[in-house]
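Working notes, beginning with the structure itself.
The values are calculated or read from the model by the stated rules, or taken from the named source; none is laboratory data. The shown structure was predicted, so the numbers you read here are calculated from the model rather than taken from an experiment. Ideal geometry is used to build each Cβ from the backbone, glycine not excepted, and the neighbour counts take in all protein chains shown. Note: accessible area is taken over every heavy atom of the protein model, side chains too, but ligands, DNA and RNA are not part of it. Shrake-Rupley method; radii C 1.70, N 1.55, O 1.52, S 1.80 Å.
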Amino acid sequence: MPTFKKKGEVNSFNFPQGFKIDKNGKRIFLPKIGWVNVRKSQAILGKAKNVTVSQKGKHWFVSIQVEQEVAPPKHPSNAMIGGDLGVKRLITLSDGSFVEPIDTSKQTIRIKRLQKQLARKVKFSSNWKKLKAKITTFHTKVANIRHDKLHKISTQLSKSHAIIVLEDLKIRNMTKNSKGSSEQHGKMVKQKSGLNRVILNQGWGMFKEMLKYKQDWLGGQVIFVDPKHTSQTCPACGHQSKDNRLTQSKFECAKCGYQDNADHVGALNILARGHRVLACGEIDISQLVEAGTCLMSDHKAPMVLN
Ligand SMILES: [Zn+2]
């Protein structure tokens, strides 16, 4: 499983060699540290290649990377689904179902309050350190809640769908410029940084990584498609216009009158693009659509409406 690093929340170090694992796996020898007792959470299969020790809040963890030969898996399902990642709904699926956003507001409020208290303390004093540790514990809690939920959703999605189609949102680009230059300061910047915080809070990047490796394990696939106009294009007639989106959540086609939740429309279009990517074996869907080539007739507009 890949590790997700975030400054300050996780401290870790790695032993590529020199470590030894007890036969029954109850102890592990770490260079310069010696034998340490561990509680084994799962069997160590294959050859241990690498040991990582990490600290999360008050707890220490040992992860062992192993190498083993496995037969290429065959995915148990042959279903394909599109998902639209959003702010109001964490993910909306092309089958019409959706997942509510992860709520960590209670913890966030608590952290904010503690941070205010921290600012009033003498830096590096014992009370400051105590409070700082408490804040770290809350941060870990928030990360755990998020991690846990994303794991549950990704496992469920991965198990029941051989192919999952998502938008290729450049999360990094979207979250990079939130500070804004001196001229840019104002409402927009504030709104944008708020949205960025939500995006980060939802952990989209982490979610995609989880889906990718879970699909790898099961023999499935994740396809990323061009996100352009997915929420402005009518899944029934193909008409694409800003006017189709009268409000944030409602889609109404200006041409044919098709009505739906905007996120669901996004998911349907994402699924349709995934079908085209599979049919054409190409990733740059925008060019394909404009050139009018390689549109699968039976998949032009998947009308999976619940
Ligand atoms: Zn339409």
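Can you pull the percent of region 1-134's accessible area that's carbon plus sulfur, 1.4 Å probe, other chains left in place?
The C+S portion of the solvent-accessible surface of region 1-134 is 53 percent.
If a/c stays under 1.5 just call it rounded; otherwise compare a/b with b/c (prolate if a/b is bigger, oblate if not). Do that for region 10-67, with a ≥ b ≥ c from the square roots of the Cα gyration tensor eigenvalues.
Rounded shape, in that the Cα axes give a/c under 1.5.
Would you kindly find the accessible area of Trp35, with a 1.4 Å probe and non-protein molecules such as ligands, DNA and RNA excluded, rounding to the nearest 10 Å²?
About 110 Å², rounded to the nearest 10.
Want the number for Lys159 to Leu246: 0.36 nm per residue separation, take away the alpha-carbon distance, what's left?
Here the answer is 27.7 nm.
Just give me a number: lysine pairs in region 10-67, eight or more positions apart or cross-chain, with C-alpha atoms less than 21 Å apart.
Count of close lysine pairs: 17.
At Lys132 and Gln65, where each label point lies 7 Å from the Cα along Cα→Cβ, what is the point-to-point distance in nanometres?
With each label point 7 Å from Cα toward Cβ, the separation is 3.1 nm.
If you count, for each residue, the other Cβ atoms within 10 Å and average over each peptide, how do 222-234, 99-111 line up from highest to lowest?
Answer by packing, highest mean first, reads 222-234, 99-111.
Where in region 201-245 is the amide nitrogen less than 18 Å from a point lying 7 Å along the Cα-to-Cβ axis of His147?
Under 18 Å, as judged by backbone N against the label point of His147, lie 201-214 of region 201-245.
Among rounded, prolate and oblate, which fits region 29-146 when a ≥ b ≥ c are the square roots of the eigenvalues of its C-alpha gyration tensor, a/c under 1.5 means rounded, and a/b larger than b/c means prolate?
The shape class here is oblate.
Between Thr52 and Ala254, what is the FRET efficiency for a Förster distance of 41 Å, r being their Cβ-Cβ separation, to the nearest 0.05?
For Thr52 and Ala254, the calculated efficiency is 0.15.
Report, to the nearest whole %, how much of the accessible area of region 206-262 belongs to carbon and sulfur atoms, 1.4 Å probe, protein only.
47 percent
Once you keep just the Cα pairs under 8 angstrom separated by 6 or more residues, what percentage relative contact order results for region 10-67?
Computed value for region 10-67: 34 percent relative contact order.
At a Förster radius of 51 Å, what calculated FRET efficiency corresponds to the Cβ-Cβ distance of Cys237 and Trp35, to the nearest 0.05?
Working from the Cβ atoms, E equals 0.15.
For the pair Tyr213 and Asn14, how long in nm is the line joining their label points, each one 7 Å along Cα→Cβ?
Distance between the two pseudo-spin positions: 1.3 nm.
Quick one: accessible area per residue over region 10-67, 1.4 Å probe, rounded to a whole number of Å²?
77 Å²
Just to make sure I understand: if all protein chains stay in place, what is the order of Ile164, Ile33 by accessible area at 1.4 Å, largest first?
Ile33, Ile164
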